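Below is one structure, written out as structure tokens; comments come after it.
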Ligand SMILES: [Zn+2]
């Protein structure tokens, strides 16, 4: 959605577990079911007597004035009616299933009915707290916000928030990328991008030209190396931005490794161009890009989160490609394990996106 000023807005769902309020919500969920089933009955009536099927607006008119008696907020009653009509028409069935004890609890509310009070919220005359698992950014709380109960009986508050965002794409397909020497990049989905050993391939030709002191030839070879590398990196980064909506990369720094015996490899791969390209292409195409601290990502077990004694340690253990976590027994590919850890670091701040309609 784009507003008058040309800014892009997107809706994100922030989900928090509710600390108290379970009694009230359980009661309200039963009443919500009652309203839902009332809507279903009216729909069946319309079928039986050959009348026009009810729209959400019709159902709202039919339920007007009942909210006080039911002990529900009128916005909630309206939302149930609208959701019923929407689900019914979306299901392509004449009527829906009744909601009962086995249905997962659900209490919708109008965005404006939920008020923030610091880290707490106010709804229907009650102030309640949530497990503040992530910060809720500023933004308008919109309709679609609801409470929902999972199979274990825990209540969650799902806040639909309208936030201004340059990235327009939904962060559905996420990837963590470990930059390395053996492979240029290892992706958390298990795929690998080979390092461009273009410099080495042209080394012999370059040596000949240098011995012959052919300045033009030397410059041409250098330009060709640079072009090939650029082209290679561009095609790799374009493919990644095309394939993933949310890209997390470690902040590995080439200058530290350049002082070791791996120097030639480091200068050959071009991590920084790789990251720069990913960053601007992500913005351009509406994907998300995040750079995270890659410290210890090779040493932590991506399966159990431990830092086991059997881990590969630092630059000295760069040769270790595969290791086994002595805590949980998982056998890791060194780079894939790092990519999974990098993805996890980025994901800590990622909310689940929903379509903006
Ligand atoms: Zn482990």
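Overview of values
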read-out: Filtered residues of segment 99-123 (kept if surrounded by 13 or more Cβ atoms within 10 Å (Cβ to Cβ) and either without any contact (Cβ under 8 Å) to a residue 24 or more places away in the chain or not in a loop (DSSP other than H, G, I, E, B) (or both)); value: 106, 107, 108, 111, 113, 120, 121, 122, 123
read-out: Flag for residue 297 being touching a helix residue (DSSP H, G or I) at 6+ places or on another chain (Cβ under 6 Å) and either within 11 Å of the ligand (Cβ to nearest atom) or closer than 30 Å to residue 169 by Cβ (or both); value: yes
read-out: Lone qualifier among 95, 38 - being at pLDDT 95 or above and either over 33 Å from the mean Cα position of the chain (by Cα) or surrounded by 11 or more Cβ atoms within 10 Å (Cβ to Cβ) (or both); value: 38
read-out: Residue check, residue 68 modelled with pLDDT under 90, in the same structural domain as residue 28 (by TED's automatic domain parsing), assigned to a helix (DSSP H, G or I) and surrounded by fewer than 19 Cβ atoms within 10 Å (Cβ to Cβ); value: yes
read-out: Filter result for the condition that a residue is within 16 Å of the ligand (Cβ to nearest atom), closer than 30 Å to residue 145 by Cα and either surrounded by 15 or more Cβ atoms within 10 Å (Cβ to Cβ) or modelled with pLDDT of 85 or more (or both), over 324, 334, 311, 344; value: 344
read-out: Unmet criterion (only one of (1) over 20 Å from residue 177 (Cα atoms); (2) at pLDDT 85 or above; (3) more than 14 Å from the ligand (Cβ to nearest atom)) for residue 316; value: (2)
read-out: Selection from segment 193-230 of residues that are at pLDDT below 80 and farther than 30 Å from residue 339 by Cβ; value: 223
read-out: Members of segment 74-98 that are under 12 Å from residue 35 (Cα atoms) and assigned to a helix (DSSP H, G or I); value: 74, 76, 77, 78, 79, 80, 81, 82, 83, 84
read-out: Selection from segment 254-290 of residues that are crowded, with 18+ Cβ neighbours inside 10 Å, modelled with pLDDT of 70 or more and touching a helix residue (DSSP H, G or I) at 6+ places or on another chain (Cβ under 7 Å); value: 270, 271, 274, 277, 278, 281, 282, 287, 288, 289, 290
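The values are calculated or read from the model by the stated rules, or taken from the named source; none is laboratory data. What you see is a predicted model, and the numbers here were worked out from it, not measured in a lab. Glycine gets a Cβ as well: all are built from the backbone with ideal geometry, and neighbour counts include every protein chain shown.
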